[in-house]
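The values are calculated or read from the model by the stated rules, or taken from the named source; none is laboratory data. Predicted model, so just to flag it, every value in this text is computed and none were measured. Please note: Cβ atoms are built from the backbone with ideal geometry, for glycine as well, and neighbour counts cover all protein chains shown. Protein only, heavy atoms only, side chains kept; ligands, DNA and RNA dropped before computing areas. Shrake-Rupley method; radii C 1.70, N 1.55, O 1.52, S 1.80 Å.
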Amino acid sequence: MNRALDLLQPYPFEKLRALLAGAQPPADKKAIALSIGEPKHRSPDFVAKALADNLDQLAVYPTTIGLPALREAIAGWCERRFGVPAGWLDPTKHVLPVNGTREALFAFTQAVVDRSPDALVVSPNPFYQIYEGATLLAGATPHYLPCLAENGFNPDFDAVPADVWQRCQILFICSPGNPTGALVPLDTLKKLIALADQYDFVIAADECYSELYFDEQNPPAGLLNACAELGRSDFKRCVVFHSLSKRSNLPGLRSGFVAGDAEILKPFLLYRTYHGCAMPVQTQRASIAAWNDEEHVRANRVLYREKFDAVLEVLGGALEVERPDGGFYLWAKTPVDDATFTRELFEREHVTVVPGSYLSREVDGVSPGANRVRMALVAPLAECVEAAERIRNYLETRQG
Ligand SMILES: Cc1ncc(COP(=O)(O)O)c(C=O)c1O
């Protein structure tokens, strides 16, 4: 077997299961899971219809590069959403469909890393665990940048030593972040592009939460905005990862895209052809319908906004927690060790959260997830509010 498999960490949910094993939650309280990262709002009916209307495509082998119509719809969406001047994103070169960003982040890392012994892949810490597993299986070493409250939950990129940038082959950024919800500011994105040029690495921007934000007048900037503002029409060293999972409540469709540097996407397409990850045609057709509609996305944001407002009101004063820049997570500070908090909350209130230390790695004695928990507001409003009330109750009785 591939010995790199031994390097993979158990997934955070496995660790959570072990933590809660044998715990006895109160039988009279219904379980509420704030631990899952799965969108739970209703999938749009028109997308389901487009999928059903195209089931005759089951008889067709899809191509890895995807339908021109899908790549055109995606390029159009990027132009509208990220201020990319018309014509810069050539759908034949700068866009590839992927079966969700998870698959794409993993495959991209395999295609990009050159397996030199000193290869580093740099990522935020805490982070989405696929970055780490993909790095290890690609034969590179993960290098983690702590995302701490004092730096707005973003990495302090200025503090990264030159030798790390020299060895860096891929820089993962996640904006808005999972679990922190922090946005990487536009100026920082521009600075990172300059660093990528200086040290010759690729920026892989995981923006799968980019459509979940609070101010309708101020959609968060992404790496494509930075390219547009810099006049970087070739998107050199820049690749963005987007998904319909969160934007459109379609985690089961498995549909997203990568867009950016054509010189990277061309060999990535070759890799994908061998990997065997073409998107089924019916999925592509349904995806076109989803990328061409914003009304359902606005309605989706309204639901999240209501939940953040209501939950933060209940938790205010009881727990140190702030509204994130985007995404659907709260990244709350715990008054006790995060694993203890998680287990006690489950035992007393039947509410499940994820300990922050399960989502981060300890480096030089610092674990940026320690004494924090991640809470996903994916359940319906009433359930999220009830969970918040139970958390409040747990904290008050604990103090009492
Ligand atoms: C940060 C981050 N990136 C990528 C993904 C993968 O999402 P999908 O494959 O559904 O696009 C997730 C899913 O939870 C995530 O949290």
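Modelled this way, with points 7 Å down the Cα-to-C-beta line, the labels at Gln217 and Tyr271 are 4.2 nm from one another.
What's the extension gain from Glu389 to Thr340 if we count 0.36 nm per residue and subtract their Cα-Cα distance? Write out the running numbers ahead of the final one.
Values: separation 49, 0.36 × 49 = 17.64 nm, distance 1.90 nm.
Difference between extended and current length: 15.7 nm.
For the peptides 229-242, 140-153, 199-212, the ranking by mean Cβ contacts within 10 Å, running from highest to lowest, is 199-212, 229-242, 140-153. Distances between placed amide hydrogens fall under 5 Å for Ile170 paired with Val122, Val202, all partners being 5 or more residues away or on another chain. The distance between label points at Asp118 and Ala69 comes to 5.1 nm (points 7 Å beyond Cα on the Cα→Cβ vector).
What is the log10 of I(q)/I(0) for segment 59-293, computed with the Debye formula using one identical point scatterer on each Cα and no solvent, at q = 0.09, 0.11, 0.14, 0.17 Å⁻¹? Per q value, in the given order, log10 I(q)/I(0) is -0.33, -0.51, -0.85, -1.30. Converting phi to 3J(HN,Hα) with the Karplus coefficients 6.51, -1.76 and 1.60 and the offset θ = phi - 60°, segment 88-102 yields 5, 8, 7, x, 7, 10, 9, 9, 9, x, 9, 8, x, 6, 4 Hz in sequence order, with x at every glycine or proline.
Share of segment 59-293's accessible area from carbon and sulfur, percent, 1.4 Å? If you can, show how the numbers build up before the last one.
Values: 4390 of 8320 Å².
It is 53 percent, rounded to a whole number.
With a Förster radius of 41 Å applied to the beta-carbon distance between Lys93 and Ala310, the computed FRET efficiency rounds to 0.35. Using the Karplus relation 6.51 cos²θ - 1.76 cosθ + 1.60 with θ = phi - 60°, the per-residue 3J(HN,Hα) values for segment 149-160 come to 4, 5, 10, x, 6, 10, x, 8, 5, 5, 8, 7 Hz, with x marking Gly and Pro. Between the amide H of Val354 and those of Arg374, distances stay under 5 Å, these residues lying 5 or more places away or on another chain, with hydrogens modeled in the peptide plane. Given segment 59-293, what count of lysine pairs have C-alpha atoms under 19 Å apart, with each pair 8 or more places apart or on different chains? Taking segment 59-293 as the scope, the lysine pair count is 5.
Ligands, DNA and RNA are left out, and with a 1.4 angstrom probe the accessible area of the chain is 42 Å² per residue.
Per-residue Karplus couplings for segment 274-279, computed as 6.51 cos²θ - 1.76 cosθ + 1.60 with θ equal to phi - 60°, are listed in order as 6, 5, x, 10, 6, 7 Hz, Gly and Pro entered as x.
Between the amide H of Val98 and those of Gly256, Phe257, Val258, distances stay under 5 Å, these residues lying 5 or more places away or on another chain, with hydrogens modeled in the peptide plane.
Taking a straight line from the alpha carbon of Lys29, these lysines sit under 22 Å away, with near neighbours fewer than eight places off in the same chain left out: Lys40, Lys307.
Across the chain, Cα-Cα distances exceeding 42 Å account for 11% of all pairs.
For Glu229 and Asp158, what is the calculated FRET efficiency with R₀ set at 30 Å and r taken between the beta-carbons, to the nearest 0.05?
Values: r = 20 Å, r/R0 = 0.68.
Working from the Cβ atoms, E equals 0.90.
Of the residues Leu253, Ile130, Ile203, the one whose Cα sits farthest towards the positive end of the charge dipole of segment 129-256 is Leu253 (charges of +1 on Lys and Arg Cβ, -1 on Asp and Glu Cβ, taken about the Cα centre).
Given the DSSP H assignment, sum -39500 (n - 2.57) over each helix run of at least 4 residues in the chain and divide by its residue total; what's the result at 222 nm in deg cm²/dmol, nearest 500?
Only helices count here, giving -12500 deg cm²/dmol.
Each residue, Leu186 and Arg298, gets one label point 7 Å from its Cα in the Cβ direction; the gap between the two is 2.2 nm.
For an R0 of 25 angstrom, estimate the FRET efficiency from the Cβ-Cβ distance between Ala27 and Glu396 and round to the nearest 0.05.
On the way: r = 22 Å, r/R0 = 0.88.
It comes to 0.70.
In segment 212-346, taking the dipole from charged Cβ atoms about the Cα centre, the farthest positive-side position among Leu223, Trp331, Thr342 is held by Leu223. Each peptide in 248-254, 36-42, 17-23 gets a packing score, the mean of other Cβ atoms within 10 Å over its residues, and the list from highest to lowest is 248-254, 36-42, 17-23.
Regarding segment 47-102, what is the average projected area of its C-alpha convex hull, in nm²?
Details: hull surface 19.7 nm².
Spelled out: convex hull of the Cα atoms, projected over all directions, averaged, 4.9 nm².
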